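The values are calculated or read from the model by the stated rules, or taken from the named source; none is laboratory data. Please read these numbers as outputs of a predicted model, since none were measured by experiment. Cβ: placed from backbone, ideal geometry, glycine included. Neighbour counts: every protein chain shown.
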Amino acid sequence: MAINLQKGQRISLTKDNNGLSKIMVGLGWDPAEHKGKGLLGSLFGGSSPEIDCDASVFMLDANDKIRSKDEIVYFGNLTHKSQSVCHMGDNLTGDGDGDDEQIRVELAKVPQDIAKLVFVVNIYDCIKRNQHFGMIKNAFIRIVNLSNNQEMLRYNLTDDYANKTALLVGEIYRHGSEWKFAAVGQGDSSKNIAEMVNRYK
């Protein structure tokens, strides 16, 4: 049975799962439903664009730094050169049940000089479209063991992220010989992925 985490919790992925290597990190969200006229009606009416959330992975060194653009896995760079992190493709709307975007990670292949994988989500073209994460509901991150397709853990983001245009969802990081996961759920005001990357330079 999957473990449901709360914000700030940390858990070992490998301590009780000897040989765990191939995992799938699923991220999901739904557009919030708004009805009525006036300001909200104009924002969420039929003519408003879909909310396009993009999941990315920042691969950090021991100093929490991104050393090159190759260490950013996103819709424009789907696979890391080590083949350890692979983005399965972009979902443009968030509609439907289940994962909206999936990222496969092979822990054994992650280069030794990479200490942390940071999973972030930002809203594409958020300023022009006047969109933020207050318009999103049911956001989550989950980790599946690909050897048996069993969900290991899930973290549902329940904070109010109104006016936040990006989210730092969770982290997978080295702790000695183990890999651990941290449920972060931190809102951010970065307008695009480039601004988020600048925080780690």
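Given (1) within 16 Å of the chain's Cα centre (by Cα); (2) within 19 Å of Asp99 (Cα to Cα), where does Asp188 come up short, assuming only one miss?
Just one mismatch for Asp188, condition (2).
Looking at segment 158-176 only, could you name the residues that are in contact with a strand residue (DSSP E or B) (Cβ under 7 Å, 6 or more places away or on another chain) and over 22 Å from Met59 (Cβ atoms)?
Matches in segment 158-176: Asp159, Tyr161, Lys164, Thr165.
Out of the residues in segment 158-170 meeting the condition of being out of contact with any helix residue (DSSP H, G or I) (no Cβ under 9 Å at 6 or more places or on another chain) and buried (at least 20 other Cβ atoms within 10 Å of the Cβ), tell me which one is nearest to Asp16 (Cα to Cα).
Gly170
If you go through segment 151-176, how many residues are over 23 Å from Arg199 (Cα atoms) and either in contact (Cβ under 8 Å) with a residue 24 or more places away in the chain or of a type in the set (Val, Ile, Thr) (or both)? Quick ask: steps written out before the conclusion?
First pass over segment 151-176, keeping only residues over 23 Å from Arg199 (Cα atoms): 151-156, 158, 176.
If we keep only those that are either in contact (Cβ under 8 Å) with a residue 24 or more places away in the chain or of a type in the set (Val, Ile, Thr) (or both) too, we end up with 151-156, 158.
Matching residues across segment 151-176 total 7.
Residue by residue through segment 1-33, note down the ones that are outside any loop (DSSP other than H, G, I, E, B) and either hydroxyl-bearing (Ser, Thr, Tyr) or free of Cβ contacts under 8 Å to residues at least 24 places away in the same chain (or both).
Ser12
With Ala108, Ala166, Ala162 as the choices, which residue is hydrophobic (A, V, I, L, M, F, W, C) and touching an Asp or Glu at 6+ places or on another chain (Cβ under 9 Å)? Let's see the steps before the verdict.
Values: Ala108 fails: touching an Asp or Glu at 6+ places or on another chain (Cβ under 9 Å); Ala162 fails: touching an Asp or Glu at 6+ places or on another chain (Cβ under 9 Å).
Every option except Ala166 fails the conditions.
Hey, among the residues in segment 70-107 that are at pLDDT below 95 and of a type in the set (Gly, Ala, Ser), which one's nearest to Asn192 (Cα to Cα)?
For segment 70-107, the residue satisfying everything is Gly76.
Identify, please: which residue in segment 51-69 is under 19 Å from Phe140 (Cα atoms) and assigned to a loop (DSSP other than H, G, I, E, B) and is, among those, modelled with the lowest pLDDT?
Applying the filter and picking the extreme gives Ile51.
Could you pull out the residue among Asn130, Asn122, Asn145 that is under 14 Å from Ile172 (Cβ atoms), out of contact with any Phe, Trp or Tyr (no Cβ under 8 Å at 6 or more places or on another chain) and among the polar types (S, T, N, Q)?
Answer to the selection: Asn145.
Filter segment 114-134 for residues that are surrounded by fewer than 21 Cβ atoms within 10 Å (Cβ to Cβ) and at pLDDT below 95; which is farthest from Asn192 (Cα to Cα)?
Gly134
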